[in-house]
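Participant: Sharing a structure, written as structure tokens. Questions coming.
The values are calculated or read from the model by the stated rules, or taken from the named source; none is laboratory data. None of the values given here were measured: they were computed from a predicted structure. In this analysis, Cβ positions are derived from the backbone assuming ideal geometry, glycine residues included, and neighbour counts consider all displayed protein chains. For the accessible areas, the whole protein counts, side chains as well, though only heavy atoms, and no ligand, DNA or RNA atoms are used. Shrake-Rupley method; radii C 1.70, N 1.55, O 1.52, S 1.80 Å.
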Amino acid sequence: MSSGPELISPRSQRVSAARRLARRSFRGKERLFLAEGPQAVREAAAHRVGGEPALVDLFATVDAAERYADIVGEARDAGARVHLADDDVIADISTTVTPQGLVGICRFLDTPFEKIVEARPKLVAVLAHVRDPGNAGTVLRCADAAGADAVVLTDASVDLYNPKCVRASVGSLFHLPVAVGVPVEQAVRDLRDAGVRILAADGAGEDDLDDELDQGTMGGPTAWVFGNEAWGLPEETRALADAVVRVPIHGRAESLNLATAAAVCLYASARAQRADRARP
């Protein structure tokens, strides 16, 4: 009788090291984070950080390795170490209730804020005081979908590599430059110096998004500043912006959640910028 594939031991040092990455202190020390599920692992396998592959290790159940054989092959081609594991090991490493059988260990990939500014971005999402990792990851995904050039997480915002944030980005974390730990005052100042107009998104804003679009003021380089979903932007942050803009509520909804408002704002800017470029 032939034996099955050799599985990594749950007492392995690699398993123990992967398990510790659920904690921010260990992520910061090792500069590694967890990427769970087929989409995130596929993106990680294709991404490089400073010339090195982003994906360092991949843990996979036997079933997942067969189901996602193409992703496992891409991981191996990228130079990642692939470890077959049983369901209990994957559940021990994973931070989800129902793991999908693939957990990657990736290098930190944030971009220095100075490089983002030097690239003269046209559309940027600045997350100021955003504490919920699911919201942060979803806004990052919206920014990617809208064609933004970069995302900035200020020093008062959640950890980019929080597993819930990584999952909520659904792979977009690997698609566009993201700066972390930037004081909001510095983010606004440096982006403005680079010719970027600063718009703060706030439900109580003095300016209406529809009016901004009708007046043709949104076609230039723009950075949207988004705040905490529960209490919005502090007054001192609002005061830094060139305009404080509200998304109009035409129906009876009390408000929009952060990710929905961010998607509306970013897509509005992206459309206005495309229209400006198309004008003779």
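Participant: Going by what's in this entry, would L127 be described as farther than 21 Å from R11 by Cβ and touching a Ser or Thr at 6+ places or on another chain (Cβ under 8 Å)?
Facilitator: Values: farther than 21 Å from R11 by Cβ: yes; touching a Ser or Thr at 6+ places or on another chain (Cβ under 8 Å): yes.
Taking the combined requirement at face value, the residue satisfies it.
Participant: Can you give me the number of residues within the stretch 195-246 that are in a helix (DSSP H, G or I) and open to solvent by 20 Å² or more (accessible area, probe 1.4 Å)? Explain how you work it out, then say what you get.
Facilitator: To start, the set of residues in the stretch 195-246 that are in a helix (DSSP H, G or I) comprises 209-214, 235-238.
Right, trim to open to solvent by 20 Å² or more (accessible area, probe 1.4 Å) and you get 210-211, 213-214, 235-236, 238.
Number satisfying all stated conditions: 7.
Participant: List pairs: first residue in the stretch 146-162 and more than 29 Å from S94 (Cβ to Cβ), second residue charged (D, E, K, R) and part of a loop (DSSP other than H, G, I, E, B) anywhere in the structure, Cβ distance under 7 angstrom, at least six positions apart or on different chains.
Facilitator: D149/K122
Participant: Can you tell me which condition Q215 does not meet? The list is (1) under 23 Å from the mean Cα position of the chain (by Cα); (2) free of Cβ contacts under 8 Å to residues at least 40 places away in the same chain, and all the others hold.
Facilitator: Unmet condition: (1).
Participant: Scan the stretch 119-130 and tell me whether some residue there is over 18 Å from the mean Cα position of the chain (by Cα), free of Cβ contacts under 8 Å to residues at least 60 places away in the same chain and either over 26 Å from E229 (Cβ atoms) or open to solvent by 20 Å² or more (accessible area, probe 1.4 Å) (or both).
Facilitator: Scanning the stretch 119-130, I find at least one residue that is over 18 Å from the mean Cα position of the chain (by Cα), free of Cβ contacts under 8 Å to residues at least 60 places away in the same chain and either over 26 Å from E229 (Cβ atoms) or open to solvent by 20 Å² or more (accessible area, probe 1.4 Å) (or both), so the answer is yes.
Participant: Identify, please: which residue in the stretch 9-30 is of a type in the set (K, R) and touching a helix residue (DSSP H, G or I) at 6+ places or on another chain (Cβ under 8 Å) and is, among those, least open to solvent (accessible area, probe 1.4 Å)? If you could, list the steps in order and put the result at the bottom.
Facilitator: Step one: list which residues in the stretch 9-30 are of a type in the set (K, R), which gives 11, 14, 19-20, 23-24, 27, 29.
Narrowing further to those that are touching a helix residue (DSSP H, G or I) at 6+ places or on another chain (Cβ under 8 Å): 19-20.
Details: R19: 81, R20: 103 Å².
The residue in question is R19.
Participant: Quick one: is E43 touching a residue at least 24 places away in the same chain (Cβ under 8 Å), open to solvent by 50 Å² or more (accessible area, probe 1.4 Å) and acidic (D, E)?
Facilitator: Working: touching a residue at least 24 places away in the same chain (Cβ under 8 Å): yes; open to solvent by 50 Å² or more (accessible area, probe 1.4 Å): no; acidic (D, E): yes.
Answer is no for this residue.
Participant: Can you name the condition, by its number, that P53 falls short on among (1) closer than 15 Å to V82 by Cβ; (2) open to solvent by less than 10 Å² (accessible area, probe 1.4 Å)?
Facilitator: Tallying (1) closer than 15 Å to V82 by Cβ; (2) open to solvent by less than 10 Å² (accessible area, probe 1.4 Å), P53 fails exactly one: (2).
Participant: Additional query: Look at the stretch 21-64 and say how many of its residues are among the small types (G, A, S), under 22 Å from S9 (Cβ atoms) and touching a strand residue (DSSP E or B) at 6+ places or on another chain (Cβ under 6 Å). Outline the logic, then answer.
Facilitator: Filtering the stretch 21-64 for residues among the small types (G, A, S) gives 22, 25, 28, 35, 37, 40, 44-46, 50-51, 54, 60, 64.
Narrowing the set further to residues that are under 22 Å from S9 (Cβ atoms) leaves 22, 60, 64.
Pick out the ones that are also touching a strand residue (DSSP E or B) at 6+ places or on another chain (Cβ under 6 Å) and you get 60, 64.
So the answer is 2.
Participant: Please work out if V170 is in contact (Cβ under 8 Å) with a residue 12 or more places away in the chain and surrounded by 20 or more Cβ atoms within 10 Å (Cβ to Cβ).
Facilitator: Working: in contact (Cβ under 8 Å) with a residue 12 or more places away in the chain: yes; surrounded by 20 or more Cβ atoms within 10 Å (Cβ to Cβ): no.
So V170 fails the test.
Participant: Further, regarding this structure: Given the structure, is F33 aromatic (F, W, Y) and open to solvent by 30 Å² or more (accessible area, probe 1.4 Å)?
Facilitator: Working: aromatic (F, W, Y): yes; open to solvent by 30 Å² or more (accessible area, probe 1.4 Å): no.
No.
Participant: Determine which member of the set V184, V247, V225 is touching a Ser or Thr at 6+ places or on another chain (Cβ under 6 Å) and at pLDDT 90 or above.
Facilitator: Numbers: V247 fails: touching a Ser or Thr at 6+ places or on another chain (Cβ under 6 Å); V225 fails: touching a Ser or Thr at 6+ places or on another chain (Cβ under 6 Å).
Being touching a Ser or Thr at 6+ places or on another chain (Cβ under 6 Å) and at pLDDT 90 or above holds for just one of V184, V247, V225, which is V184.
Participant: Okay, moving on. Hey, among I93, I71, which residue is under 30 Å from G181 (Cα atoms), buried (at least 16 other Cβ atoms within 10 Å of the Cβ), in contact with a helix residue (DSSP H, G or I) (Cβ under 9 Å, 6 or more places away or on another chain) and among the hydrophobic types (A, V, I, L, M, F, W, C)? Explain how you work it out, then say what you get.
Facilitator: Numbers: I71 fails: under 30 Å from G181 (Cα atoms).
After ruling out the rest, the residue left standing is I93.
Participant: Please state which of the following conditions T111 fails to meet, knowing it meets all the rest: (1) surrounded by 18 or more Cβ atoms within 10 Å (Cβ to Cβ); (2) closer than 24 Å to P221 by Cα; (3) of a type in the set (V, I, T).
Facilitator: If we test T111 against (1) surrounded by 18 or more Cβ atoms within 10 Å (Cβ to Cβ); (2) closer than 24 Å to P221 by Cα; (3) of a type in the set (V, I, T), just (1) comes out false.
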